[in-house]
Every structure is written in C-alpha cells, then in structure tokens.
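A short reminder: the numbers here are calculations on the coordinates, not readings from a lab. All figures in this text were calculated on a predicted structure; none of them were measured in a lab. Ideal geometry is used to build each Cβ from the backbone, glycine not excepted, and the neighbour counts take in all protein chains shown.
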2 protein chains.
Amino acid sequence: MSQDGVDLGTSLGYLLKEASSVLRAAMEEVLRPLGMSVTHYSCLELLAQRPGLSNSELARGAFVTRQSMNVLLQALERDGYVTRPEQAPVGKALPAQLTPRGRRSLAKASAAVRAVEVRMLAGMTEAEQAGAFRILRSMIGSLRDDGA
Amino acid sequence: MSQDGVDLGTSLGYLLKEASSVLRAAMEEVLRPLGMSVTHYSCLELLAQRPGLSNSELARGAFVTRQSMNVLLQALERDGYVTRPEQAPVGKALPAQLTPRGRRSLAKASAAVRAVEVRMLAGMTEAEQAGAFRILRSMIGSLRDDGA
DNA sequence: CAATCTATGTCAGAATGCTGACATGAGTCA
DNA sequence: TGACTCATGTCAGCATTCTGACATAGATTG
C-alpha cells in the first residue's frame, strides 16, 4: 500500500490503543458494581500512595485536566471520601487526604483492579513483564522528550 | 504497603495508560493543524485499508461506540470525505467508502501520524519492537478471553 | 413456518472531559 | 523593589462520548 501510511495491522500505536481500550473496559466492568469510575478510582489510589497531593498533581497522575479532576474532587469531598484544608498551607495548592471512608471505599476497588491486572499478565513470564515495563517506558520517554 | 493494593509506580496497567495517554496527546498535536481528531483520523485510515466497512465495524476498529462513530460518519459524509449508499446492499449495514477528497485529506494525516509512531519507536531495536507487539497482543488476549 | 436471537443504524438525553478565561500566590530577575 | 513568569484553583461554555431505547434485517432454532 502507501509507503508513508500506517498499517493498522502491524502498528504498535494502534495495538497500544487497543490494549489500553480493553484494559479500561475491564476496569470499568469491575468498578461499576462499586459505583466508581476509572478516574474516580485513580484519584483515590493516588491519594493512598501519596497523601497530600494537590488537585493539579492528581490530575497529572490520572491523565486528565486539572479542571476535570477538580469536578471529581469536589464531589469526593462533598461525599466524605476526601478532605482538603480551607486554606492553602503554602501557595494555592490544597493538599488532599483520604478519609477513613475513602480508604474503605478504595480497599474493595483496589482488590478488584489488582485482579484485572493479574488477569492481564496471565501467560507472561517475569522476564516478559520486565521487558514490557522497559519498552513502555521507552515509548513514553521518546514521545515526551521530543514533544515540546 | 498494602498487599492487595496496586503500586502505581510498578503497575503495568498504569504504565499502559500513561503510554496511551502520551501517544494520544502526540497524535492530537500533529492532527490539530489538519483540523482532525484522532477518532476522525482512525476512521479514514480504517476505510483506506478496508474499504466498505460499515459504521459498526468502524466503531469497533476505532474503539468507540457505534453511536459515536455514527455522529462522526454523518459529518464526514456531509463534508464529502466519505460516501455511503442510500440503501443497504444486504442487511442494514451501509458500506462506507472514501471519496477522493477523503483520500487527499488522509494522506497528510497519515504521514504525520507515521512520524509520531517513528518517534515513539526511536531507541528500540527490531527485536524489542517485535517483543512489544507480542506482549501487547498477550495482554489484549488475556483480558478479552476471560472478559465475558 | 414461526419464534427467537443477534447485529445494525439511528435518535435522544446524560455524563464526562476539554478549552478558554480569570484571579491569586510564589519564584525569578533586572 | 517591581515586572515578569509560572503554577494553581476555579468558573463557565463547549465538544465528545456514552447509555438507553427503538425499529429493522438476517440468522438461528424449535
């Protein structure tokens, strides 16, 4: 076919998109019964591992804009899963924290998501997983470096 | 930390999401000057390689719902990038075709996207790319098989 | 043959995320 | 010090995608 075209059948980019799409669908499937979206879960997981993250930092970690994360955070705060101080201790960034309720909610979701990840890695050796890790890191680095 | 948790720093699922996010951003960046979204481009590319695909088939190929693809297809048809017969030759599926205008529009986009993919693969050997292909296929298969 | 199932195209409404914009706080630098 | 740059939180409007629903065409099955 075209020399400068993109053969979807052999394109790593296309495959990456497909894998991401399937993973997202699988996560949504197990999170829906818990009344949680992927972004919702990502936010809680990020806060569990790095307490005190600001809205903007959470947004970057969940790969959405800070505006989108702000909408989510306000809902999570209203429903008692997360707390933020009234005033910023420094600058304008408001460090967010999980409440006990947030931690309980996350526990179930985290187990469910872990099961999905285990399923995804089924049939892959340790070495292959390590290779996958390195390769994905390489792709991310290459795209980011020359991005700006 | 938690035994049943998901360590974002070492999670292949998280890394996959990150890679997909960065790739999408890179594609949007090069497609925006052409007035084209990623789904828009995907639709044209699919039609170039597999002429006669129906709306539902295009939706599956671009990883969106058929409703979303229908909205896009109607716009593409209105603007003269794509044609569909009035009546379905068989069943209800309407086979879509690129117009010359659609092909011209695709040519530029395809080259731009290919450049992004080349950039993404920079620094990876042939063997690593083959490994990446196999690994992504494995993940997709594992998630899909046990999905239902 | 009739009933059922599956897949398709399409319409309508809702949810989600994004872009644009503004004010504010902190660091930088001349 | 004062101007500038940058990051942040937040509001408003818009775009895109999704879910739900319906009618229809073909395949399957009893």
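Rounded to the nearest whole Hz, the Karplus-based 3J(HN,Hα) values (6.51 cos²θ - 1.76 cosθ + 1.60, θ = phi - 60°) of segment B:117-124 follow the sequence 5, 4, 4, 5, 8, 4, x, 10, with x at glycine and proline. Nearest-to-axis residue in chain B, judged by Cβ distance to the rotation axis that brings B onto A and given in whole Å, is B:S20, 2.
For segment B:49-70 versus segment B:78-99, the inter-centroid distance based on Cα atoms is 12 Å. Couplings for segment B:17-27, taken from phi via the Karplus curve 6.51 cos²θ - 1.76 cosθ + 1.60 with θ = phi - 60°, read 5, 5, 4, 5, 5, 5, 4, 4, 4, 5, 5 Hz in order; Gly and Pro are left as x.
A point 7 Å from Cα along Cα→Cβ stands in for A:Q49, and the other copies hold the same point at 3.2 nm, listed in rising order.
The base-10 log of I(q)/I(0) for the protein assembly as shown, evaluated at q = 0.08, 0.11, 0.13 Å⁻¹, reads -0.41, -0.76, -1.01 [Debye formula, identical scatterers on Cα atoms, solvent excluded]. Take B:E86, move 7 Å from Cα toward the beta carbon, and the resulting point lies 7.0 nm from the same point in each other copy, nearest first.
For segment A:101-148, the spread of Cα coordinates along the three principal axes comes to 42, 32, 11 Å, biggest extent given first. Phi angles across segment B:44-53 convert, under the Karplus curve 6.51 cos²θ - 1.76 cosθ + 1.60 with θ = phi - 60°, into 3J(HN,Hα) values of 5, 4, 4, 5, 5, 8, 9, x, x, 5 Hz, Gly and Pro given as x.
Straight-line reach from A:K108: taking Cα to Cα under 29 Å and skipping same-chain neighbours fewer than 8 places apart, the lysines in range are A:K17, B:K17. When the Kirkwood radius is taken over all Cα pairs of segment A:12-123, what Stokes-Einstein diffusion coefficient follows at 4 °C and 1.567 mPa s, in µm²/s? Translational diffusion coefficient: 87 µm²/s. Amide hydrogen proximity for B:A93: with H placed 1.01 Å from N in the peptide plane, no residue at 5 or more positions away or on another chain lies under 5 Å. Label-to-label distances for A:E29 across copies, nearest first, come out at 3.4 nm, using points 7 Å from Cα in the beta-carbon direction.
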